[in-house]
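Note sheet for the following structure.
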Amino acid sequence: MAQIELKNVQKFFGPVQVIKDMNLTINDGEFVVMLGQSGCGKTTTLRAIAGLETVTSGEIFIDGVAVHEKKAADRDIAFVFQSFSLYPHMNVYENIAFPLRAVGMSNAERDKAVKEVAEILQITALLDRRPSALAGGDMQRVAIGRALVRRPKALLMDEPIGALDAKLREEMRSEIKRLHISRGSTSVYVTHDQIEAMSLADRIVIMHDGLLQQIGAPDEVYLKPANLFVAEFVGSPVMNVADVVLETSGGQTRVRLGRGDAGFHFPAGLTNHLRETGAGIALGIRPEAVSLQHDAKDGYIPVETTNIEPLGSHDIVDIRLGDISLRARTESGFVSGEGQQVWVKIDPAQAHFFDRSSGLALRGQS
Amino acid sequence: MAGIRTRQEVFFNRAAIAGVMVALFIMLVPIYWITSTAFKPRNLATTIPPTVIFTPEISPFVKLFTKRSQLRDPVSQEIYDAAPWWEQMVFDGGQKVVRSNKGVVRRSGYGQRFVNSLIIAITSTFLAVSMGTLTAYGFSRFKVKGEDDWMFFILSTRMLPPVVVAIPMFLMYRLVGLHDTHIGLIILYTAFNLSFSVWLMKGFIDEIPREYEEAALVDGYTRMQAFFKIVLPEAMTGIAATAVFCFITAWNEYAFALIMTNRRAQTAPPFIPSQIGSGLPDWTVIAAGTFLFLLPVAIFTFLLRNHLLRGMSFGAIRK
Ligand SMILES: Nc1ncnc2c1ncn2[C@@H]1O[C@H](COP(=O)(O)OP(=O)(O)O)[C@@H](O)[C@H]1O
Ligand SMILES: [Mg+2]
């Protein structure tokens, strides 16, 4: 088990910069998930850590030892590929035993290690099979078994369950979590699926265009997004974002959305830190912080519903407020159809403000 | 699918089977012809119409492996009685055997030529396939400057008909003493097959996902080990297909063998026609030599048939 550290890592493919000045420390025993859209450089980062890709500049340390010049074989790290990459000409047993054959080890020891891993992953019955005769979930179990059998310093997984169907994905997700807890191995897990990221991670690393956007625990990136990208990327349905104008008078601030006159009242304490920067301020508000009422109430603004998405456990209701559209989360069946008049209010405590030009979150002292 | 087939499907199915039968017939007739002629008595070899039913005999093979010349007078009874059965068989055919110090019969060169063919074809195939595989792996996995140009250059060595360079090659070979040597022909056939081998193997290796090797690399293996333990077994199909093609090319090669060799290193192809004999041509001997010559390729291909079948459909089937 080990600590992994990336210092000012940059990676170019020809003229294209895929990793931009990456600084990241992954603690011993931690489960870190790298989350980002496809093409943002997650795989490249992971491959750089494993030694399958050289870095253009910067340093990588494992347990304090610089490894960026070392070959993959000398880094003592295991990698689970998105495509599983089980060797087709070997059966399951041989696949799992293969990493152990690289190091001198007695047959008995090797056999014991393979059987033990197979036991943990519940694939003992499959040891004689060829990979081509396995179901998707079992292939993944074998791939993870092959990675774990050697007890590597760290386990790197590149979208390991992305190729499975939804039900299996959920099952494997909890299995990976269980395995991590029982083995305590330092793990770096790459995915573009935020639910996977949220459910597995001790810390999430959010990447965009080769740039690190935010590092934090799942609730932290959800509740305190560092910038507009993270705010809009994390959470489903997507956070509402609208340009706002602030008008302060007395102890109250009126937050006007879009070009309409209507505004919401915020306690001044929540908006004191906001300064006009020229490019304007954007308000981010998650659908669950937008509340709807059937009747006029203090602080609520009348709006019209434009679309309803019934999702079973709850509904997502689109409303039109002046020239902007907001999505609200309501209990199912709360609004019966489109074109209805309802009253809306947003929860100031759950509102996020961002600088439009830099995209950075504007946050008070609290 | 055990469903009901439409009339149209049944028709096409039958038509396809008929087509295959016709093609098979056309391809098998020459092989049958050679094989039957190899076992015919000499007087039945050239009858019109061809004799189909006859008592097979092995005298053509005996003649193939012995040196003989035309007999003017019948052989004397004592010599005939003292001779072993195969010699008597040759005498029965109206031929006498060249005498030598060792005995009455001298062995012909066919056995030695056949062994030469085996040595040269197998060695050059092994060299062409192994060098081709390594080269293809390099081109497939590493960034090579001017890769396309190099690949084209490799292919271009096959663009000239080989016979065009035969005379200069002959002169050079004589100069450096490679004329009529096994090594000489092995180098020639290896060089000739190499471009083909590189191109074919590159196609196969490109299809093997890099992740297999990368998995081995992170698991503590060197690239060389990964190549031998992972890439090579995965490329077996391609290697088998390439080997069969290279072997057939080297085995059948005639022009260079005729020009570059005359005795020691001569292969079977230029030797067989020289056995046609003096006077009336003896086609049974030619047929016997050709029949034996067909066997190694048939056996080799048969042994590798499973790999070949997969090799032929390689890349055509996507999971
Ligand atoms: N070997 C390569 N050569 C050139 N470009 C590459 C190579 N590998 C990846 N890229 C590019 O780098 C970017 C990031 O890729 P990747 O790390 O695979 O993203 P992710 O895993 O986040 O989807 C992509 O635009 C991709 O096209
Ligand atoms: Mg990827």
Practice item. For region B:193-241, count all C-alpha to C-alpha pairs, find those more than 18 Å apart, and express that count as a whole percent of the total. Key: 32 percent
Point to revise | Rounded accessible area per residue of chain A, 1.4 Å, Å² | key: 44 Å²
Point to revise | Within the protein assembly as shown, helix-based [θ] at 222 nm, where runs of 4 or more DSSP H residues each add -39,500 (n - 2.57), nearest 500 | key: -13000 deg cm²/dmol
Check your understanding: Where in region B:170-215 does accessible area fall by at least 40 Å² between the isolated chain and the complete protein assembly, at a 1.4 Å probe radius?
Key -> B:211, B:212, B:214, B:215
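Using a 1.4 Å probe over the heavy atoms of the protein chains, calculate the carbon and sulfur portion of the accessible area of chain A as a whole percent.
Details: 7820 of 16190 Å².
Using a 1.4 Å probe with all protein chains present, chain A comes out at 48 percent carbon and sulfur.
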Check your understanding: If you rank A:105, A:172, B:21, A:90 by how much accessible surface each has, with a 1.4 Å probe, what is the order from largest down?
Key -> B:21, A:105, A:90, A:172
Study note, to complete from the structure: Whole-percent carbon and sulfur contribution to the accessible surface of chain B (1.4 Å, no ligands, DNA or RNA) stands at 68 percent
Review point. In region B:110-312, if every C-alpha pair distance is counted and binned at 10 Å from zero, what percent goes to each bin?
Key: 8, 29, 31, 21, 9, 2, 1, 0
Exercise for review: Bin all alpha-carbon pair distances of region A:74-123 at 10 Å intervals from 0 and give each bin's fraction as a whole percent.
Suggested key: 22, 53, 24, 0
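Which whole number in µm²/s is D for region A:55-146 by Stokes-Einstein, with the Kirkwood Rh taken over Cα pairs at 37 °C and 0.692 mPa s?
Translational diffusion coefficient: 224 µm²/s.
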Study note, to complete from the structure: The Rg/Rh figure for chain A, Cα atoms and Kirkwood Rh, to two decimals is 1.07
Check your understanding: Which whole-percent values make up P(r) of the protein assembly as shown when all C-alpha to C-alpha distances are grouped in 20 Å steps starting at zero?
Key -> 13, 29, 26, 18, 9, 4, 1, 0
Exercise for review: At a Cα cut-off below 22 Å, give the lysines reachable from residue A:153, other chains included and same-chain residues fewer than 8 away excluded.
Suggested key: A:7, A:42, A:70, A:71, A:112, A:115, A:177
**Study point:** Cross-link partners of residue A:297 among lysines (Cα-Cα below 22 Å; sequence separation of 8 or more within a chain)
**Key:** A:345
Revision key, fill the gap. Expected field for residue A:57, accessible surface area in Å² at 1.4 Å probe radius, rounded to 10, holds 50 Å²
Revision key, fill the gap. Ordered by number, the residues of region A:50-67 that have at least 30 Å² less accessible area in the complete protein assembly than on their own chain alone (1.4 Å probe) are A:52
Point to revise | Accessible area buried at the A-B interface, both sides summed, 1.4 Å probe (Å², nearest 100) | key: 1600 Å²
Review point. What lysines sit close enough to residue B:202 to cross-link, taking a C-alpha to C-alpha distance under 16 Å and skipping anything fewer than 8 places away on the same chain?
Key: B:143
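The values are calculated or read from the model by the stated rules, or taken from the named source; none is laboratory data. This structure is a prediction, so every number in the text was calculated from the model and none was measured. For the accessible areas, the whole protein counts, side chains as well, though only heavy atoms, and no ligand, DNA or RNA atoms are used. Shrake-Rupley method; radii C 1.70, N 1.55, O 1.52, S 1.80 Å.
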